[in-house]
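As structure tokens, the structure follows; a few thoughts come after it.
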Amino acid sequence: MTNRLLFIAAFVSFATALRAEDAFVPLFDGKTLTGWEQHSGKAEYRVENGVIVGKTVPDTNSGIQFRSNYYTQETEVEIAGKKKKFPADRVHGYQFEIDPSPRAFTGGVYDEGRRGWLFDLKNNEAARKAFKQGEWNLARIECRGSSIKTFLNGVPAADFADEMTAEGVIALQVHGIGKKTEAVGKEVMWKNIRIQELK
């Protein structure tokens with residue numbers, strides 16, 4: 001099955017000005033990982049003080065995904081820190097990049113496990129400056145048909161169209177670190193994960 005994935009990653013889900021705030025549905029209860037299941041990798045995920053915390057371990061990427069497929073939706077989450085065959089548990093697809101490096105591509109869209117960068121932020125200085133290092137950042141993603149838009153702390157980041165996949169899941173990724181022992185135990189955090197169907 002081809003999945004359109006909004007991958008909320010460690011390196012996580014977009015809206016109109018007229019949206020109804022009460023139309024959002026939480027995907028995380030702030031207490032448990034109910035509704036989420038681990039796919040691929042062995043990173044550790046836990047809930048602590050109302051936050052999902054993912055912790056790096058040696059080897060490959062890891063991901064937990066919410067148990068529903070989505071089509072046209074808007075997702076918000078606060079973050080800190082060619083066709084191929086994939087193993088059944090390999091999550092792949094559209095990924096909202098979290099990139100605290102000097103490159104500052106947080107809010108760009110990467111096609112995980114397939115084509116690479118679909119929309120980096122080389123030409124979007126305002127979005128590159130929107131990331132607040134060491135603080136909570138609001139990631140917003142809007143998918144309508146083939147249109148994909150991302151926002152970081154209210155600043156427009158990516159805006160493009162792609163028709164490769166039309167549905168998918170919401171997932172939280174902890175990047176693989178290979179054999180880099182100095183990277184073992186690093187953490188990424190997510191909270192206030194919510195979604196609304198767009199009409």
- prompt: Within the set of pairs 6+ apart or on separate chains, which have a first residue in the stretch 181-199 that is closer than 19 Å to Trp136 by Cβ and modelled with pLDDT of 75 or more, a second that is part of a strand (DSSP E or B) and among the basic types (Lys, Arg), and C-beta atoms under 7 Å apart?
  reply: Glu187/Lys55
task: Give the residue that is nearest to Glu48 (Cα to Cα), with candidates limited to residues of the stretch 150-199 that are among the charged types (D, E, K, R) and surrounded by 14 or more Cβ atoms within 10 Å (Cβ to Cβ).
output: Lys191
Extreme residue, nearest to Met189 (Cα to Cα), among residues of the stretch 102-142 that are among the hydrophobic types (A, V, I, L, M, F, W, C) and part of a loop (DSSP other than H, G, I, E, B): Phe131
field: Residue among Arg19, Arg46 that is modelled with pLDDT of 55 or more and out of contact with any Phe, Trp or Tyr (no Cβ under 8 Å at 6 or more places or on another chain)
entry: Arg46
message: Which residue is nearest to Phe24 (Cα to Cα), if the candidates are limited to the stretch 146-199 and must be polar (S, T, N, Q) and part of a loop (DSSP other than H, G, I, E, B)?
response: Asn153
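Rundown of residues vs (1) within 25 Å of Leu33 (Cβ to Cβ); (2) of a type in the set (Val, Ile, Thr), yes/no style:
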{"position": "Asn137", "(1), (2)": "yes, no"}
{"position": "Ile141", "(1), (2)": "yes, yes"}
{"position": "Leu152", "(1), (2)": "no, no"}
{"position": "His175", "(1), (2)": "yes, no"}
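The values are calculated or read from the model by the stated rules, or taken from the named source; none is laboratory data. Remember, predicted model here, so these are calculated numbers, not experimental data. In this analysis, Cβ positions are derived from the backbone assuming ideal geometry, glycine residues included, and neighbour counts consider all displayed protein chains.
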